[in-house]
Amino acid sequence: MNSFRGRLQSHAEGEADYVTVGIDDTHVRIWAENRRIGSWRVEDVKCERVTVFRFMLELDGVPHTFVPDDPAGFASSLNTVVDLRPKSRFGLAERVRAAKAERQAERT
């Protein structure tokens, strides 16, 4: 099981809690200190990376923001990537391709 510490905030409630999110092949489990918050099957958890450091987790239909201490490890555990399409806030891939094309054009 991979474990990630971070801040979890429900969009329905104002307070963010420091939690541990445990991910294995079948379940995502969340607990804070000695209190179990819940357990969900991996296929029932919707995870979207909204910034480099923040993730939107949908648990039982309720959106939560999770800011893990290890964003890269967390993303890879849930097979989540940053959307690099041009209209995305993170259009980095398109900007890199454009810069390379400009440099290539300058050389010729």
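A cut-off under 15 angstrom between Cβ atoms defines the neighbours of Glu33, and their net charge, with Lys, Arg +1 and Asp, Glu -1, is +3. Scanning residues 5 or more positions from Leu59 or on other chains, those with amide H under 5 Å from its amide H are His64, with H placed 1.01 Å from N in the peptide plane. You can think of it this way: the chain between Lys100 and Glu15 has 26.2 nm of extra reach, that is 0.36 nm per residue less the Cα-Cα gap. Among Ala105, Gly38, Gly61, whose Cα projects farthest towards the positive end of the dipole of the chain, with charges put on the beta-carbon of Lys, Arg (+1) and Asp, Glu (-1)? My answer, from the dipole projection, is Ala105. Applying the Karplus relation 6.51 cos²θ - 1.76 cosθ + 1.60 with θ = phi - 60° to the range 65-80 yields 3J(HN,Hα) values of 9, 10, 10, x, 5, 10, x, 5, x, 5, 4, 6, 5, 9, 6, 10 Hz, where x marks Gly and Pro. Ellipsoid fit via the Cα gyration tensor, the chain: semi-axes of 35, 14, 12 Å, each the root of five times an eigenvalue, largest first. The local environment of Val42, defined by Cβ-Cβ distances under 12 Å, has a net charge of -1 under the rule Lys, Arg +1 and Asp, Glu -1.
Read-outs throughout are calculated quantities, based only on the coordinates presented, and are distinct from any laboratory measurement. What you see is a predicted model, and the numbers here were worked out from it, not measured in a lab. Neighbour counts are summed over all protein chains in view; Cβ atoms, including those assigned to glycine, are modelled from backbone coordinates with ideal geometry.
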